[in-house]
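Colleague: Below is one structure. I have some questions about it.
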Amino acid sequence: MANIVVDVSYFNGEILMYKLINGNDIPMKEAANFIAQWNQQDVHHIGYCGTTAGEIVDYLATDLTDVPYENSFLGVVDNGKMIGLLGFDADLEDAQAELWGPFVDPGYDANIAIWLWDELLRIIPLEIKHVSIFSNIENSLATEFAERLNFEQKTDQIVLLFERGKLGELPKHWALELMQQGYGSFIDLHDNIFPDTYFNGHEIIDRLTATQKVFVIKSEERLAGYVYVEANPEYGEGSIEFIGVDSMYRGNSYGKSLLATAVQWLFTFDSINEIQLCVAANNKQAIGLYQSVGFRLEHELHFFVREM
């Protein structure tokens with residue numbers, strides 16, 4: 001796509017000339033710096049885009065596998081200064097994309113974001129049927145953007161954080177690593193609790209490595225509950241993907257023990273200093289469980305979706 005210059009607004013009677021540029025003309029580090037600058041503040045925050053330029057560059061360079069950065073980001077500059085940025089992270093297999101942004105310099109308004117969206121529609125693959133935004137509840141520009149473009153608001157999300165310094169406050173825990181002889185029981189329990197999810201039991205077993213593990217609790221030799229956890233030491237990240245307790249054994253603090261075991265294990269990797277996870281805001285039981293082992297509220301996010 002060629003660069004375009006468009007008159008989009010007036011200021012004191014003078015026409016302002018803004019320039020639209022695509023990813024080929026936006027150095028990745030410049031885009032990462034722009035995102036990091038604004039995403040550190042709740043009033044500009046988008047939930048999954050990172051807050052440091054280094055981690056953002058790493059993601060843009062390596063994780064945009066279906067549509068690369070050069071073909072998935074657009075920016076707006078005013079006299080050579082970046083004032084707006086919008087991109088997408090596509091999952092063609094699931095026909096969906098998550099928006100990175102809109103990020104707009106606070107000296108400008110939502111019209112910049114709307115313009116970026118109009119142009120982004122030209123490059124979003126036709127295979128994409130759903131586009132989503134996770135924006136901080138304090139991000140009024142993103143809310144205006146979603147409302148003006150007829151995104152549908154879904155269940156709000158809560159981002160919870162556990163920091164390494166709170167390790168000493170973890171409750172007692174006694175879960176053990178899943179052994180091969182327990183694979184069958186694990187698969188049955190996982191597929192029963194989560195019948196329609198992104199990894200079934202067999203897929204989780206296939207993913208087990210030194211940095212991806214299942215921990216379990218048994219009661220009288222019967223599998224009572226499990227947690228599946230993934231560490232990414234290279235980027236200092238860890239995630240708790242699934243935690244489930246058989247309905248027969250709920251109310252015995254097994255969930256708390258499983259969660260504490262997972263947290264303890266993740267922090268055996270020196271590069272991991274904090275763990276973030278996202279929970280539906282109306283899932284009070286899960287939020288209570290996470291808070292009971294030391295997670296604290298980090299962000300509250302709106303979740304918007306638009307059918308394409």
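The values are calculated or read from the model by the stated rules, or taken from the named source; none is laboratory data. Fair warning: this is a prediction, and the values are worked out from it, not measured in the lab. With ideal geometry, Cβ positions are generated from the backbone for all residues, glycine too; neighbour counts draw on all protein chains shown. Remember, those area values only see protein heavy atoms, side chains included, never the ligands or the DNA or RNA. Shrake-Rupley method; radii C 1.70, N 1.55, O 1.52, S 1.80 Å.
Colleague: Take the residues in segment 133-170 that are in a strand (DSSP E or B) and acidic (D, E); name whichever of them is farthest from D89 (Cα to Cα).
Modeller: Restricting to residues being in a strand (DSSP E or B) and acidic (D, E), the top hit is E163.
Colleague: Could I ask something else about it? Determine whether F304 is in contact with a Leu (Cβ under 6 Å, 6 or more places away or on another chain), open to solvent by less than 20 Å² (accessible area, probe 1.4 Å) and of a type outside the set (A, V, I, L, M).
Modeller: In short, no.
Colleague: Have a look at A260, A224, A231 and point out the one that is outside any strand (DSSP E or B) and either open to solvent by less than 20 Å² (accessible area, probe 1.4 Å) or in contact (Cβ under 8 Å) with a residue 40 or more places away in the chain (or both).
Modeller: None of the others qualify; the one that does is A260.
Colleague: Hey, another quick one. If K218 meets every condition in (1) more than 17 Å from the chain's Cα centre (by Cα); (2) buried (at least 20 other Cβ atoms within 10 Å of the Cβ); (3) assigned to a strand (DSSP E or B) apart from one, which number is that one?
Modeller: In the conditions (1) more than 17 Å from the chain's Cα centre (by Cα); (2) buried (at least 20 other Cβ atoms within 10 Å of the Cβ); (3) assigned to a strand (DSSP E or B), K218 misses (2) alone.
Colleague: Further, regarding this structure: What pairs come up if the first residue lies in segment 138-155 and is within 9 Å of F304 (Cβ to Cβ), the second is hydroxyl-bearing (S, T, Y) and assigned to a helix (DSSP H, G or I), and their beta carbons are under 9 Å apart, counting only those six or more places apart or on different chains?
Modeller: Qualifying pairs under 9 Å: Q153/T143.
Colleague: So in segment 263-308, with the set limited to residues that are in a strand (DSSP E or B) and charged (D, E, K, R), which one is nearest to H44 (Cα to Cα)?
Modeller: Going through the qualifying residues, I end up with E300.
Colleague: Right, next: Is it true that G168 is over 18 Å from L259 (Cβ atoms) and either among the β-branched types (V, I, T) or over 21 Å from the mean Cα position of the chain (by Cα) (or both)?
Modeller: Against the criterion (over 18 Å from L259 (Cβ atoms) and either among the β-branched types (V, I, T) or over 21 Å from the mean Cα position of the chain (by Cα) (or both)), G168 does not qualify.
Colleague: Now for a separate question. Please list, ordered by residue number, the strands (runs of 3 or more DSSP E) wholly in segment 15-132 having 2 or more residues that are open to solvent by 50 Å² or more (accessible area, probe 1.4 Å) and under 22 Å from L301 (Cβ atoms). Can you show your working first?
Modeller: On the way: elements: 73-78, 81-91, 96-104.
Here the list reads 96-104.
Colleague: If you don't mind, another one. What pairs come out if I take residues in segment 184-213 that are over 30 Å from G236 (Cβ atoms) and open to solvent by less than 40 Å² (accessible area, probe 1.4 Å) and pair them with residues that are of a type in the set (F, W, Y) and modelled with pLDDT of 95 or more whose C-beta lies under 8 Å away, six or more apart or interchain?
Modeller: L189/Y226
Colleague: Quick one: in segment 263-289, of everything that is among the aliphatic types (A, V, I, L, M) and free of Cβ contacts under 8 Å to residues at least 60 places away in the same chain, which residue is farthest from I158 (Cα to Cα)?
Modeller: L266
Colleague: Considering (1) without any contact (Cβ under 8 Å) to a residue 60 or more places away in the chain; (2) out of contact with any His (no Cβ under 9 Å at 6 or more places or on another chain); (3) at positive phi, say which one A95 fails and leave the rest.
Modeller: In the conditions (1) without any contact (Cβ under 8 Å) to a residue 60 or more places away in the chain; (2) out of contact with any His (no Cβ under 9 Å at 6 or more places or on another chain); (3) at positive phi, A95 misses (2) alone.
Colleague: Would you check if E177 is open to solvent by 20 Å² or more (accessible area, probe 1.4 Å), at pLDDT 95 or above and closer than 24 Å to L301 by Cα?
Modeller: no
Colleague: Looking only at segment 138-174, filter to residues that are β-branched (V, I, T) and farther than 20 Å from G238 by Cβ; which one of those is least open to solvent (accessible area, probe 1.4 Å)?
Modeller: T143
Colleague: Let me ask another. Could you tell me how many of the residues in segment 28-72 are without any contact (Cβ under 8 Å) to a residue 60 or more places away in the chain and not aliphatic (A, V, I, L, M)?
Modeller: Summing the residues that are without any contact (Cβ under 8 Å) to a residue 60 or more places away in the chain and not aliphatic (A, V, I, L, M) in segment 28-72 gives 21.
Colleague: Among the candidates G238, G294, G244, which residue alone is surrounded by 17 or more Cβ atoms within 10 Å (Cβ to Cβ) and at positive phi?
Modeller: Testing whether each residue is surrounded by 17 or more Cβ atoms within 10 Å (Cβ to Cβ) and at positive phi leaves just G294.
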